[in-house]
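Notes follow once the structure below has been shown.
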Ligand code: SAH
């Protein structure tokens, strides 16, 4: 999977492609199959518009394996090709698996993928890249851990070899051992692999091995400049830098994260030691360590596997799935789910957030164990993992975000405080229900949970009474449950004291989920039996009104204005 760091997406248009798609998926277990809605059953995800989906994937740098005619894909992506920017691998595969054609992303490893898929399907890939055909590898696309110094020079170099020049390899290039290069010990042209800073000579293909780690502290002024100076002093080429290492105590220092970003390398952390040199030697054994004031660098004999250097800063995201339908989930939440290593939550919601890859660990718990779940999430994130806690709707509305913050507030564990914590919003049930009914929340409204599990019933009565008096539209979450069967009736009695029996009431059940129902009744008609724990109740104010809609239902809205007192 050289050069490919994002999981590919397999796009299919019809049910006839599913079997081939599954065979391809067997070589990329992280890839999900996206099927055309209404046409394909049994895919992992569904899309509505082929063109928009393909273009969005391309722009997000996602490798695409499309099971359809090459022409369709070419026409679809053509408008994007003149733009500079990302170019992920794009391949087309014949529906029956009889042909594999790499189209785009030569430098992103498309030919490698084409070969892998061809092998899985028992056909040979339609490779058309001359260098690749001749040498059995793309010299311009070295594997992970190596970086090409200059692409333009590289292209000239490959042309020279294709024109008959011979070549010699200097340094360690294990991936070239099986390549069919025109090798000769007397060759003028050389492929040079190393980490040293050297002038690019016309006759060489310079490839940097990413085998250097630099240990830093956040205290130093102008960190990026200092790191570059140190590399220069130690005669190390900048692309050979694999990652920065800092002490765990400095995990939240913005200067470190900014420097890593500016240098486009990863940032890792290790326990503090008596010196940076010591810390580095412990984290990167077998390296040659050198140091300067406020800095130390380590040069390893081979590319560094950054997953084995110290640990990452852990991340904890509390996300809102929205009501349930995938198209109501915000893109930031989708991206967070894709990067998650651990997913925690109530089983129903975790399942709603899927499908997940085999490498993602699911921790499903009962709905009531919120604090325990929040603490478990911090424990995982504090180990450097990327953790997601799922809520339905919005995580900040009667859900996990407050529990997670409460757990953090109570804790004195410095490792928990260092976790990168983010709350990502979702479409809350009241908003999703309101949107389907029209605009019942178009004016001032009040949101309440009718559950007295975590607050006394007397406070619920008081708030209901005052909110009803204030003529606010009322949105009730947790309106009723098996263990609280009578309270909704009591609540409605209270509201009826201040509100007309003709007041419109919206009942949204399983909104955005299979089998959703939306009902509009009046306050006079409303019975607790019409409501269950999967229902959102919106009680109108004195100005909320209804009128018939063309499909036979009713629109409900609350005007933006309020009548002036006579
Ligand atoms: N965080 C969630 C709310 C959790 S409280 C959100 O922002 O939507 C759980 C209550 O939300 C349920 O008892 C029900 O009243 C309401 N609810 C959640 N999802 C719903 C849906 N899809 N349709 C209708 N009501 C829903």
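The values are calculated or read from the model by the stated rules, or taken from the named source; none is laboratory data. It should be emphasised that the depicted structure is a prediction, and the values quoted were computed from it without experimental measurement. Cβ sites come from the backbone with ideal geometry, for glycine too, and all protein chains shown count toward neighbours.
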Check your understanding: Counting residues that are touching a residue at least 40 places away in the same chain (Cβ under 8 Å), under 22 Å from residue 68 (Cβ atoms) and assigned by TED's automatic domain parsing to the domain that holds residue 71, which helices (runs of 4 or more DSSP H) fully inside the stretch 84-195 reach at least 3?
Key -> 110-121
**Study point:** Number of the exception - residue 369 against (1) within 23 Å of the chain's Cα centre (by Cα); (2) without any contact (Cβ under 8 Å) to a residue 40 or more places away in the chain; (3) more than 15 Å from the ligand (Cβ to nearest atom)
**Key:** (1)
Review point. What number of residues in the stretch 221-237 are assigned to a helix (DSSP H, G or I), touching a residue at least 40 places away in the same chain (Cβ under 8 Å) and surrounded by 15 or more Cβ atoms within 10 Å (Cβ to Cβ)?
Key: 4
Check your understanding: When the residues of the stretch 378-404 are filtered to those that are closer than 27 Å to residue 448 by Cα and away from the ligand (no atom under 11 Å from the Cβ), which remaining residue is surrounded by the fewest Cβ atoms within 10 Å (Cβ to Cβ)?
Key -> 403
**Study point:** Single residue of 306, 319 found to be under 28 Å from residue 341 (Cβ atoms), within 19 Å of the chain's Cα centre (by Cα) and surrounded by 15 or more Cβ atoms within 10 Å (Cβ to Cβ)
**Key:** 319
Check your understanding: Looking at the stretch 252-339, what strands (runs of 3 or more DSSP E) fall wholly within it and have at least 2 residues that are in contact with a helix residue (DSSP H, G or I) (Cβ under 7 Å, 6 or more places away or on another chain) and within 21 Å of residue 357 (Cβ to Cβ)?
Key -> 315-320
Check your understanding: So residue 41 clears everything in (1) more than 30 Å from residue 151 (Cα to Cα); (2) modelled with pLDDT of 95 or more except one condition, right? Which one?
Key -> (2)
**Study point:** Subset of the stretch 437-462 (residues that are under 16 Å from residue 540 (Cα atoms) and surrounded by fewer than 16 Cβ atoms within 10 Å (Cβ to Cβ))
**Key:** 439, 444
Study note, to complete from the structure: Among the residues of the stretch 29-40, the number that are under 17 Å from residue 325 (Cα atoms) and either surrounded by fewer than 17 Cβ atoms within 10 Å (Cβ to Cβ) or out of contact with any strand residue (DSSP E or B) (no Cβ under 8 Å at 6 or more places or on another chain) (or both) is 2
Point to revise | Check on residue 437, touching a strand residue (DSSP E or B) at 6+ places or on another chain (Cβ under 8 Å), within 15 Å of the ligand (Cβ to nearest atom) and within 23 Å of residue 530 (Cα to Cα) | key: yes
**Study point:** Criterion (modelled with pLDDT of 95 or more, farther than 30 Å from residue 551 by Cβ and in the same structural domain as residue 548 (by TED's automatic domain parsing)) met by exactly one of 434, 401, 377, 468
**Key:** 468
Check your understanding: Tell me, which residue of the stretch 499-535 that is touching a residue at least 60 places away in the same chain (Cβ under 8 Å) and more than 15 Å from residue 325 (Cβ to Cβ) is surrounded by the most Cβ atoms within 10 Å (Cβ to Cβ)?
Key -> 506
Review point. Can you tell me which residues in the stretch 500-527 are under 24 Å from residue 392 (Cα atoms) and either more than 41 Å from the chain's Cα centre (by Cα) or in the same structural domain as residue 353 (by TED's automatic domain parsing) (or both)?
Key: none
Revision key, fill the gap. Given (1) assigned to a loop (DSSP other than H, G, I, E, B); (2) more than 30 Å from residue 542 (Cα to Cα); (3) near the ligand (Cβ under 10 Å from one of its atoms), residue 412 misses just (3)
Check your understanding: Do we find that residue 97 is modelled with pLDDT of 95 or more and at positive phi in this structure?
Key -> yes
